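> Let me give you the structure first, and then I'll get to my questions.
Just so it is clear, none of the values below were taken in a lab; they were calculated from the coordinates. Everything numeric in this text was worked out from a predicted model, so none of it was measured. Here Cβ is always computed from backbone atoms with ideal geometry, including for glycine, and neighbour counts include all displayed protein chains.
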Amino acid sequence: MTKAIEAALFLHLLGVAVWIGGMVFAHFCLRPALGDLAPQLRLPLWEAVFARFFNWVAGAVIVILLTGGFLLAQFGGGHAAWPLHAMAGLGIVMMLIFGHIRFGVFPRIRRAVQAQNWPDGARAVGTVRRLVVVNLVLGIVTIGTAVLSRGF
Ligand code: HEM
């Protein structure tokens with residue numbers, strides 16, 4: 001393995017750790033801990049958390065895409081093992097879902113918090129929660145697919 005491939009794999013896995021680890025923390029630790037707070041406190045807090053976390057995810061997505069594209073080219077491009085193409089496909093679906101969360105749903109949370117419209121805000125946070133579960137499942141399947149590619 002060349003140094004460039006090692007460096008790309010290192011950054012690729014760092015990006016994956018930030019994204020998947022952040023989703024695990026938000027879903028399994030932060031969400032249940034905030035469950036009892038009144039919406040007036042809970043929703044502005046979610047808005048502030050998401051504003052920061054989504055910047056980290058955007059950075060991770062760029063790193064994963066660049067390093068993944070580079071690695072795919074090194075591992076044969078169009079002729080690479082099918083699990084690598086499956087990883088790329090699943091990764092792109094995850095990125096599209098993130099784009100929808102960031103640019104479709106998150107602005108609804110912002111608007112609801114500004115207008116103090118708590119029912120709308122709670123609905124939008126619920127949508128983020130469901131989409132994060134989908135991305136978490138896809139992320140775990142993608143990691144499994146990536147490891148599977150070793151056998152090909
Ligand atoms: C555009 C999207 C992506 C592309 C093109 C891509 C491509 C690649 C390539 C070519 C490798 C090297 C495989 C090897 O070392 O044998 C790799 C490794 C890996 N990728 Fe991705 N990837 C993408 C997205 C993702 C995502 C979203 C995840 C996880 C959620 C992920 C998880 C991994 C893991 C865990 C490895 C290490 C596998 C190993 O070395 O056994 N990748 N990726």
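> Please report, to two decimal places, log10 I(q)/I(0) for the stretch 31-101 at q = 0.16, 0.22 Å⁻¹ as given by the Debye formula with identical point scatterers on the Cα atoms and no solvent.
Log10 of I(q)/I(0), two decimals: -0.69, -0.95.
> Tabulate in residue order the Karplus-calculated ³J(HN,Hα) for the stretch 4-11, using 6.51 cos²θ - 1.76 cosθ + 1.60 with θ = phi - 60°, rounded to whole Hz; enter x for Gly and Pro.
Each residue of the stretch 4-11 in turn: 5, 5, 4, 5, 5, 5, 4, 5 Hz.
> Tell me, what ³J(HN,Hα) does each residue in the stretch 132-142 have, in order and in whole Hz, if you take phi through Karplus 6.51 cos²θ - 1.76 cosθ + 1.60 with θ = phi - 60° and put x for Gly and Pro?
5, 4, 4, 5, 5, 4, 4, x, 5, 4, 5
> Report the charge-dipole magnitude of the stretch 3-151 in Debye, nearest 20, computed about the Cα centre from +1 at each Lys and Arg Cβ and -1 at each Asp and Glu Cβ.
260 debye
> Which of the peptides 57-64, 76-83, 7-14 is most tightly packed, and how do the rest follow, judged by the mean count of other Cβ atoms within 10 Å per residue? Present the calculation step by step, with values, prior to reporting the outcome.
Values: 57-64: 18.1, 76-83: 11.9, 7-14: 15.6.
In decreasing order of mean packing, 57-64, 76-83, 7-14 become 57-64, 7-14, 76-83.
> Another question, then. How large are Rg and Dmax for the chain when only the alpha carbon atoms are used, in Å?
Answer for the chain, Rg first and Dmax second: 17.5, 55 Å.
> A further question follows. At 0.36 nm per residue, and after removing the present C-alpha to C-alpha distance, how many nm does the segment from residue 75 to residue 27 gain when stretched out fully? Write out the running numbers ahead of the final one.
Working: separation 48, 0.36 × 48 = 17.28 nm, distance 3.43 nm.
So the chain would gain 13.9 nm between residue 75 and residue 27.
> What distance in nm separates the two pseudo spin-label positions at residue 123 and residue 141, each 7 Å out from Cα along the beta-carbon direction?
Simple spin-label model gives 2.8 nm for this pair.
> ³J(HN,Hα) across the stretch 114-128 via Karplus (A = 6.51, B = -1.76, C = 1.60, θ = phi - 60°), whole Hz, x for Gly/Pro?
Each residue's phi maps through the Karplus curve to give 4, 8, 6, 8, 5, x, 4, x, 5, 4, 5, 5, x, 5, 4 Hz.
> Moving on. Given 90, 100, 114, which one lies farthest toward the positive end of the charge dipole of the chain, if we put +1 on the Cβ of every Lys and Arg and -1 on the Cβ of every Asp and Glu?
After comparing all options, I get 114.
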